[in-house]
Every structure is written in C-alpha cells, then in structure tokens.
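The values are calculated or read from the model by the stated rules, or taken from the named source; none is laboratory data. Small disclaimer: the values here were computed from a predicted structure and weren't measured. Cβ atoms come from the backbone with ideal geometry, glycine included; neighbour counts cover every protein chain shown. Just so you know, the surface numbers come from the protein's heavy atoms only, side chains and all, with ligands and any DNA or RNA stripped out. Shrake-Rupley method; radii C 1.70, N 1.55, O 1.52, S 1.80 Å.
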Amino acid sequence: MLFEQIAKNKRKTILLLFGFFLFMGVVGAALGTYMFGRWMPGVVIALVAGIVYAVFMFGQSTDVVMSMNHATEVTSADQAPDLWHIVEDMAMVAQVPMPRVFIIDDPSPNAFATGNDPQHAAVAATTGILQRLNREELEGVMAHEMTHVRNYDIRIQTIAVAMTSAIALLANLGTHFWYFGGGNRDRDREGGGSNIIGIVVSLLVLLLAPMAATLVQLAISRNREYLADAGAVELTRNPQGLINALTKISQSEPMSEQNVSPESAALYIANPLKGDKLAGLFATHPPMDKRIEALRNL
C-alpha cells in the first residue's frame, strides 16, 4: 500500500508538471495578446520563465520556501533539543533520512515539511508549537510531516507552490501593464471589435489565473492532509497525540502575515492564515473537526 502511494505520487508529479506548463502557456498567450497583440511572444516568455522557475525551485526549493516563511535553520541538537530529537526519532520510524530542521519565530502553533524528495527534505516548526505542545503531541505533528516526506507529498506540494508563484508573477506583470496604461491603442483601433474582445478575454484570464492555480494547489493539499494524519497514527501508534495537537492548533490565533507566505500556506499542517472568510472551495485544509473525527475513528 505504501509503495503504491509513493508510485502514485510520483506519477502525479509528472502530470502536475505537464499541467503546470500547459497552464503557463495559456497565461502566456493571454499576456502576449494583451501586451503585444499576438499570443506567440507571450507563450515563449511564459514557458521560458516557467522552465527557469521550475529548475530553480527544484534546485533551491527548501531554501526558497524557508526564506518565504522567515525560518531559521537549527544546525545542532543543542539549539532546540526537544524538536531535534523528535524529528530524528520520527524520521527513523518512517525510514527516511533526517531532514533539515527550521524554526519560525511566531507564537501561533504550526509546522510544515518541504523539499523535492526524502533526501533533500526539511521541516519547520513555529516557536508557538514548541511552547504549547507536549512531547506526545509534537511527536504526532512531526510524524504527520514525516509522512508527507515519506510519501513524496513534499515534491507535489513544492511544484504546486512553484506553479502558483510563477503564474501569479506573470498575471501581476499583465495587470500592472494594464494599470499603467499599457497596450497599443492604435493597434486596438485598427483591429476593431475582435481585437478588443481578445484583449478583454486576455485580461480576464490574467485576473483569474492566480485564483485557478491556487484552487489546484488547495485541492492537492486537502487530499494529502487526511492521508498524512493516518500515516502519523501508523508511525506513532497513538492517535490521541495528534488529536490533542490538532485541537490545540485549531483553537489558536492565526500566524502573523509577515511570517508566512500565502503561496506556501497549503504546506502547513493547519491553515496559518485563518482570517479567510471563504470556506469550502477556498479552504487550504480540510475542516479540523473532520480530521479529528477521522482520527478518532481509527
């Protein structure tokens, strides 16, 4: 079952990469139509930017994501002994290499894992989670993150972060071009109504593209959280530890917006930006009460 899940996640990585470049091409076509009156230059720009960004993220994903979330690396057990030894223990049980360990200075309890594969993984925990959770609860959280590492969820999520960030960058380029009066108005008049319609459609694509990319990212995250919760119970043989941890996390205040990047919010064990008013489709994570109920049923 485990090896089937890992193989399935690796196949999903290929599909996600294909979808990423396809979506980048659509956004690029909209960008080219709006800025140059032709779709081809925009597609070339988008695909080149997407390839460069994807290669960069694959090579530097951990450092990029940790920088986005203002995390500081723990380089020895002396700096955070409890966290270090718990991560070490859970990695051993999950049979994955010891990941790099980071701490985020934020009073809200939360944690996440990232990286391209188990050999290049990293976990981050907030100061709040270290202060509020006891050892049993912290073990449940780190077992959850080790499950993400073991199942190659981190690779899928890293690509999703890259996809969302790159598409948002292209969309922002187009919308800023519009705000500052971009576009060839003479060409617009020469092209008549069809050109105007093309530009309007392109602008709509640019405005909606980041939302669409985010929805894909969130759908991936919601599906993986239930499996990681179950995996944590498998590793610790103690569902109550994770239940108590999720209960405390759900009752806490959201993280400071300065300490968490919205593009990486789906990586966390719980939504770090709980101020979102929209639920359901736009939720970064499954409802906490449903996750706790599923754990109790185990």
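For residue 253, the solvent-accessible surface computed with a 1.4 Å probe is close to 130 Å², ligands and nucleic acids excluded. Between the amide H of residue 74 and those of 101, 102, 103, distances stay under 5 Å, these residues lying 5 or more places away or on another chain, with hydrogens modeled in the peptide plane.
Net charge of the neighbourhood of residue 120, taken over other residues with C-beta under 10 Å away and scored Lys/Arg +1, Asp/Glu -1, is +1. What FRET efficiency comes out for the pair residue 38/residue 88, r = Cβ-Cβ distance, R0 = 51 Å, nearest 0.05? The formula returns an efficiency of 0.35 here.
The length gained by stretching the chain between residue 296 and residue 250 to full extension, at 0.36 nm per residue less their Cα-Cα distance, is 14.9 nm. For the stretch 22-49, backbone nitrogen atoms closer than 14 Å to the point 7 Å from residue 56 Cα along Cα-to-C-beta are found at 46-49.
If you take all other residues with their beta carbon under 14 Å from the beta carbon of residue 74, and give Lys and Arg +1 and Asp and Glu -1, the sum is -4. In this Cβ point-charge picture (+1 for Lys and Arg, -1 for Asp and Glu), the stretch 41-117 has a dipole of about 380 debye about its Cα centre.
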